[in-house]
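Bear in mind these aren't lab numbers, they're just calculated from the coordinates by the rules spelled out. All values derive from a computational prediction rather than experimental measurement. Heads up, the Cβs are rebuilt from the backbone with ideal geometry, glycines too, and the neighbour counts pull from every protein chain shown.
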Amino acid sequence: MEHKRPDISIVVPCYNEEESLPLFLRELERVAEQMRQTDDLTFEVVLIDDGSTDGTLATMKREAQRLPAHFTVRWASFSRNFGKEAALYAGLSHATGELVATMDADMQDPPSLLPEMYRIITTEDVDNVATRRTTREGEPPIRSLFARMFYKLINKISKADIVDGARDFRLMKRPMVDAILSMREYNRFSKGIYGWVGFKTRWLPYVNVNRVAGETKWSFFSLLLYSIDGIVAFSTVPLSIASVAGTLLCIVAFFALIFIIVRALLFGDPVDGWPSLASIIIFIGGIQLLCLGIMGQYLAKTYLETKHRPLYIVRESNLDE
């Protein structure tokens, strides 16, 4: 017997969310019930356990048994931690609804926004209703500063339209979801992918909400590495900068060589001046290492892509039931 496709699928990547997941699902259930009564909608929740080390998986299994039939819960658990990008891709791959939402389980993506997002996507000519934070209240100032700098930089050097404060919380129509799934690259940066595939987007602003339980899994260093991945994935400008820097240094070195030869012919070859010479050598060496590092980043990403490794490995799930 063929099952009816749910109206809305909700993809939720989870990593050590044992405390927050039950609270999130209860709030989501409340909102879904409200939408079911007004619009007669059916829901599917796809929970992806990204190799959690706490009781997240057990919580998923328990909640899947508890929730009502019109609120189907499907889950999968990775063999290890593959990262949020892999979890998002896995969830989107197994979501079957005509509309698909992606949300975090920490309640920083308020389920209460779903009715308004559904109203917009069904009444306006848009393919995607995305949310963005209007404030960064509760974040460390240095983290907020670097985040704003990142958004300004990547929008200048890439063609991906990434809005400052954009969240992964969005509601998409099936054609956009299929377009995202067609991009099977190993090194994924979802915020860039959302902008790259295009489609009509309506932004829904809201005030930042703090986590309901647990601690953030994103340290400043992990966010820095994630931002580097985003820049490398959607821009080749750093390679151009390395080339320009190398060319300029060659020109400077050429004129410096002429200057040294002329000075030696006119005034001899005095020993003094070695501190400035050492500084120049160190500076040029630093620039060379920087350029090699930039090229190494692109080479490393290319190397990983050519391996054609799976984005994730599922240890256990109920996705086929």
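Observations on the model:
- Counting other Cβ atoms within 10 Å as a rough exposure proxy, the listed residues Cys291, Cys14 run Cys291, Cys14 from fewest neighbours to most.
- With q set to 0.15, 0.17, 0.18 Å⁻¹, the log10 of I(q)/I(0) for region 44-99, from the Debye formula over equal scatterers at the Cα positions, is -0.43, -0.55, -0.61.
- Separation of region 13-53 and region 285-321, taken as the distance between their Cα centroids, equals 31 angstrom.
- Each of the peptides 71-84, 307-320, 177-190 was scored by the mean count of other Cβ atoms within 10 Å over its residues; in descending order, highest first, they stand as 71-84, 177-190, 307-320.
- Exceeding the 26 Å Cα-Cα cut-off - candidates Lys84/Lys173; Lys61/Lys84; Lys61/Lys191; Lys84/Lys301: Lys61/Lys191
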